[in-house]
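The values are calculated or read from the model by the stated rules, or taken from the named source; none is laboratory data. The model shown is predicted, which means the values in this text are computed figures rather than measured ones. As a convention, Cβ positions derive from the backbone with ideal geometry for all residues, glycine included, and neighbour counts pool all protein chains shown. Accessible surface areas use protein heavy atoms only, side chains included; no ligands, DNA or RNA. Shrake-Rupley method; radii C 1.70, N 1.55, O 1.52, S 1.80 Å.
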Amino acid sequence: MLELVRSFQSPALSRVLSLPDGADAAKIREVLGPDGEDAVYLVSLTWESLGVLVFRREVTLDLVDDFFSGPLIISWQKLKVYPQEWRRILKPDTGNEWFHWLAERMVDRERSAPPVPAYIAHRDWRDGI
């Protein structure tokens, strides 16, 4: 998990989060420049990998929720058109399938139990008690 957290120490996630919701390939190139799809690919592949790990129960959904729920959901809002476009052009329905799956799991969780920020939910926590 620590390596996954480190993978977001690159500027790729912040670049993706700067996109408008529902960005297609043309909008990604317009906003992020000619190498913008590289940032999208890196972020998507990271979420894709995490989705497989959650599905195979190598990582818990609770842990993903604690670490990544906000960036994951926002990334999907920004990019959900891009994989649909990619699937239509290249024909594999499997493109970004685990990113898509994981984002939907996180959205479902937040719908059923709205997130409470850690600084509120755990404000009474004490070390060593």
**Complete:** With criteria (1) on the phi > 0 side of the Ramachandran plot; (2) surrounded by 15 or more Cβ atoms within 10 Å (Cβ to Cβ), residue 91 comes up short on (2)
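When the residues of the stretch 56-69 are filtered to those that are part of a helix (DSSP H, G or I) and touching a residue at least 12 places away in the same chain (Cβ under 8 Å), which remaining residue is surrounded by the fewest Cβ atoms within 10 Å (Cβ to Cβ)?
Selected residue: 66.
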**Message:** Can you find, within the stretch 2-16, the residue that is modelled with the highest pLDDT among those that are surrounded by 14 or more Cβ atoms within 10 Å (Cβ to Cβ) and out of contact with any helix residue (DSSP H, G or I) (no Cβ under 6 Å at 6 or more places or on another chain)?
**Reply:** 4
**Request:** Find the helices (runs of 4 or more DSSP H) located wholly in the stretch 75-124 whose residues include 2 or more that are in contact (Cβ under 8 Å) with a residue 24 or more places away in the chain, and list them.
**Result:** 81-90, 97-112
**Prompt:** Of all residues in the stretch 18-39, which are outside any loop (DSSP other than H, G, I, E, B) and either without any contact (Cβ under 8 Å) to a residue 12 or more places away in the chain or open to solvent by 80 Å² or more (accessible area, probe 1.4 Å) (or both)?
**Reply:** 26, 27, 29, 30, 38
